[in-house]
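Here is the structure we will look at, set down as structure tokens.
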Amino acid sequence: MASLTEIAEGILANAKRLDEYTASKGLRYSTFEKDTLSNLPDDFEDCRKSLVDSTQELKQLAHGPVGLLLETLFLFNDLLSLRFIYHYNIPQYVPADGSISYADIARASKLDEALLRRFIQAAMVNRVFSEPQINYVQHTAISRLLKEDPEAMDAVGFLLEDLAPASTKVLEAFEKWPGSGEPNETGFNIENDTGDPFYLELAKTPERSRRFGGGMRFMTRGSLYDIGHLINGYDWAALDKADGLVVDIGGGHGGVSRALATSTVKLQLIVQDLPGTVKEGESLLPENLKGRVKFMPHDFFTEQPVKGADVYFFRFILHNWSDSYCTKILKNLLPAMKDGSKVVIYEFLISEMANTAWSQKQGRNLDMIGATGWNSLERTASDWENLFASVDPRYRFIGARTPEKSSVSLIEAVYRQLD
Ligand SMILES: C[S@@+](CC[C@H](N)C(=O)[O-])C[C@H]1O[C@@H](n2cnc3c(N)ncnc32)[C@H](O)[C@@H]1O
């Protein structure tokens, strides 16, 4: 392991490169008020990620065990203050430029001034708002984002009002329903006092449903989820012939299929989803893609009706389901498959061993969320291999790999007739 000095030297080198980059673009160096490190070219983005990883490592070492443990234990307070900011929509009271007094926010929001000050000052520790002078509040880059981008607020609301409270009930759910893989026996079910699974429960309150959609759009923006990694990371060109066929199962509004159709010439795509979603997807489909992208209502817990496709594709589907449900979904494909048909899955891949780098944390975050809301999980390459092997011997696991620069991985199996 590197010494503090060695880690710090790495940090210095990356910090210098980033400062030089912003200067070369005529920009000021990044501050909490104005971020100038977004939309970096690939090399510099790697440099930024590495800076975050190593500063986190340095901070953790400098803390020592007691300091680090205590920092972790008090994290719930960070969420509490941010939830206050969300719940009372504090960003809207602060002008985009300039500042406002706590007294004026209290008057406008009808909240107690002393209470406001406590929660806002607690949020400032995480750079949500700052104080230009005593008694006054101004925006930082984060709080301005919350004021100006409704989907950023939706992400905060969904995570802090729907998921975080449910996460406090996960162990209760484990004790009530030991070993359950049922999507309606989760911490979310206990917290919401419901027997319905996650999406059905959210759908009962249009505002929660809408907030989920906005939050998801916010969280899947940016390079982490760039669909280009999927388009360039797989040999779709090999399927780009008149009879090439991909079935995009649980394909939602067809975002993946639209991108695939745009980047190929002949490939045919069928997007399957529940009837309402299919209808919406169809209405959003650009005219020029209508010949090659078709929508079809289909419940993936029933037998696959499209026979002999080259690829049965799943993006962000199977991680929502426990192994027993994934087994049903994969078994339902078997009667439709021809020798050489493939199952291609695009999801986060969890490393076999723990990885402490911040840049690798998203898979772990999603894994904990799966446990909270769905009794599902993010899988390792060997989890996938074991899953395919347990479903049917005609499935041959090909492997799992992460396209260059992507955070999401491709997992592949081929169907082979038994001799
Ligand atoms: C997380 S979204 C992923 C959508 C899409 N694959 C993507 O990556 O944009 C999950 C999708 O699964 C669909 N879904 C849920 N249950 C389904 C079922 N039983 N049959 C077909 N689709 C289903 C939902 O309607 C939703 O569109």
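The values are calculated or read from the model by the stated rules, or taken from the named source; none is laboratory data. Note that the coordinates shown come from a computational prediction; the quantities given were computed from them, not determined experimentally. Positions of Cβ are generated from backbone atoms using ideal geometry, with glycine treated the same way; all protein chains shown enter the neighbour counts.
When we screen Thr55, Thr72 for residues that are loosely packed, with under 15 Cβ neighbours inside 10 Å, of a type in the set (Ser, Thr, Tyr) and closer than 30 Å to Lys405 by Cα, the only hit is Thr72.
Is it true that Ser376 is farther than 23 Å from Leu245 by Cβ and surrounded by fewer than 16 Cβ atoms within 10 Å (Cβ to Cβ)?
no
Assess whether Ser407 counts as being in contact with a Pro (Cβ under 8 Å, 6 or more places away or on another chain) and small (Gly, Ala, Ser). So Ser407 fails the test. Within segment 246-288, being surrounded by fewer than 18 Cβ atoms within 10 Å (Cβ to Cβ), away from the ligand (no atom under 16 Å from the Cβ) and under 19 Å from Phe313 (Cα atoms) holds for Ser263, Val265, Lys266.
Could you please let me know if Lys328 is in a loop (DSSP other than H, G, I, E, B) and modelled with pLDDT of 95 or more?
It is false that Lys328 is in a loop (DSSP other than H, G, I, E, B) and modelled with pLDDT of 95 or more.
Scanning segment 1-31 for residues that are surrounded by 15 or more Cβ atoms within 10 Å (Cβ to Cβ) and either modelled with pLDDT under 95 or touching a Lys or Arg at 6+ places or on another chain (Cβ under 8 Å) (or both) yields a count of 4.
Pairing residues of segment 58-85 that are over 30 Å from Gln138 (Cβ atoms) with residues that are small (Gly, Ala, Ser), at Cβ distances under 8 Å and at least 6 apart in sequence or on separate chains, gives no pairs at all.
Is segment 379-395 home to any residue that is under 17 Å from the mean Cα position of the chain (by Cα) and surrounded by 20 or more Cβ atoms within 10 Å (Cβ to Cβ)? Yes, some residue in segment 379-395 is under 17 Å from the mean Cα position of the chain (by Cα) and surrounded by 20 or more Cβ atoms within 10 Å (Cβ to Cβ). The set of residues from segment 90-133 being within 28 Å of the chain's Cα centre (by Cα) and of a type in the set (A, V, I, L, M) comprises Ile90, Ile120, Ala122, Ala123, Met124, Val125, Val128. Restricting attention to segment 217-245 and to residues that are within 11 Å of the ligand (Cβ to nearest atom) and free of Cβ contacts under 8 Å to residues at least 60 places away in the same chain, the residue that is nearest to Val343 (Cα to Cα) turns out to be Ile227. In the set (1) in a strand (DSSP E or B); (2) away from the ligand (no atom under 16 Å from the Cβ); (3) of a type outside the set (Ser, Thr, Tyr), the condition left unmet by Phe314 is number (2). Residue pairs whose Cβ atoms lie under 8 Å apart, separated by 6 or more positions or on different chains, with the first residue in segment 8-25 and closer than 16 Å to Lys49 by Cβ and the second charged (D, E, K, R) and part of a helix (DSSP H, G or I), are Asn14/Arg48; Leu18/Arg48. If you scan segment 291-303, which residues turn out to be more than 10 Å from the ligand (Cβ to nearest atom) and either crowded, with 21+ Cβ neighbours inside 10 Å or at positive phi (or both)? Val293, Phe295 - these are the residues of segment 291-303 that are more than 10 Å from the ligand (Cβ to nearest atom) and either crowded, with 21+ Cβ neighbours inside 10 Å or at positive phi (or both). Summed over segment 246-258, residues that are farther than 15 Å from Pro297 by Cα and under 19 Å from the mean Cα position of the chain (by Cα) total 2. Among the conditions (1) in a helix (DSSP H, G or I); (2) touching a helix residue (DSSP H, G or I) at 6+ places or on another chain (Cβ under 6 Å), the only one that Asn365 does not satisfy is (2).
Name the single residue that is surrounded by the most Cβ atoms within 10 Å (Cβ to Cβ) among those in segment 334-349 being in a loop (DSSP other than H, G, I, E, B) and not aliphatic (A, V, I, L, M). Spell out how you get there, then give the answer.
Applying the first criterion (in a loop (DSSP other than H, G, I, E, B)) to segment 334-349 yields 337-341, 348.
Still in the list and also not aliphatic (A, V, I, L, M): 338-341, 348.
Working: Lys338: 11, Asp339: 10, Gly340: 11, Ser341: 22, Phe348: 20.
Among residues in segment 334-349 that are in a loop (DSSP other than H, G, I, E, B) and not aliphatic (A, V, I, L, M), the one surrounded by the most Cβ atoms within 10 Å (Cβ to Cβ) is Ser341.
Checked against the criteria, Ile329 counts as within 16 Å of the ligand (Cβ to nearest atom) and under 18 Å from Val256 (Cβ atoms). Considering only segment 139-154, I want to know if a residue exists there that is hydroxyl-bearing (Ser, Thr, Tyr) and buried (at least 19 other Cβ atoms within 10 Å of the Cβ). Yes: segment 139-154 contains one or more residues that are hydroxyl-bearing (Ser, Thr, Tyr) and buried (at least 19 other Cβ atoms within 10 Å of the Cβ).
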